Amino acid sequence: MLDPASSPATPKPGSTASTRRSAGNIDSLIDRNRELEHCPRKDTHAMKNPARITVGPERQLLEYMLDHARAELIDTVRGLSETEARRRLVPSVTTSIGLVKHAAFAERNWFQRVLAGLPDSECDGAMVGEASFVVRDDESVADVVAEFERASNRARAIAADIDLDAIRQHPVFGTVSLRWIYLLMIQEFARHAGHSDILREQTGATRRT
């Protein structure tokens, strides 16, 4: 077997080919950064860096990471126009604003309905399942972000005095704990922030065409 370091296809460090490759990689990174500048994100949330809290009690870490995921999701729609936030760029109904709208429903579902045991009539928004991705024409990006923030604030208040090991019953998942709900929401919002990041990159590309 050939040693990869001596293979003709792998330029040795310091060689002309290696230098050209490194320069090309740097140019690609520069071009990539320039592309993202066409669709800037406003870093206005205090919890931008997930490494800000890396040690401490389990609950503090869970709550921090959930708040960080919430902030990341909101950040993906900052600076988008109303048209851009609603633009359909994938076959499904998923849009940037729709992802935030759905996240608000997820907060209500898991913290108000499941954890607090509130009837749907006492939840502070529509409990509509997958239809939660749909945003009304009269709702702005600011309106949807505010709805998500309200739901997040109520979720924090509901969970504040409940032990991580406290259990509730869910019609599909069965017995769940608050700890599990925290982990689920971190996963959910981080995934949706990633989805929205991709949509934002696509939006940046359409701005240049």
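A short reminder: the numbers here are calculations on the coordinates, not readings from a lab. If you're wondering where the values come from, they're calculated on a predicted model, not measured in any experiment. All Cβ positions, glycine included, derive from the backbone under ideal geometry; neighbour counts span all protein chains shown.
Remarks
- Note: relative contact order over segment 113-209, using C-alpha pairs below 8 Å and six or more positions apart, is 20 percent.
- Stokes-Einstein translational diffusion, segment 50-95 - Kirkwood Rh over all Cα pairs, 1.306 mPa s, 10 °C, in µm²/s: 123 µm²/s
- Stretch gain in nm, segment Arg207-Arg52, where the contour uses 0.36 nm per residue and the Cα spacing is subtracted: 52.4 nm
- Residues with amide H under 5 Å from that of Arg87, placed H, sequence gap 5 or more: Ser96
- Cα-projected label distance for Ile162 with Arg136, points at 7 Å along beta-carbon direction, nm: 2.8 nm
- Extending 7 Å from Cα along the Cβ direction at Arg86 and again at Ala146 yields two label points whose distance is 1.8 nm.
- Pairwise Cα inverse-distance average, inverted: Kirkwood Rh of segment 66-209 (Å): 15.7 Å
- Unit charges on C-beta of K, R, D, E only; dipole of segment 108-209, Debye: 300 debye
- Amide H within-cut-off set for His170, under 5 Å, with H built and near neighbours excluded: Thr175, Val176
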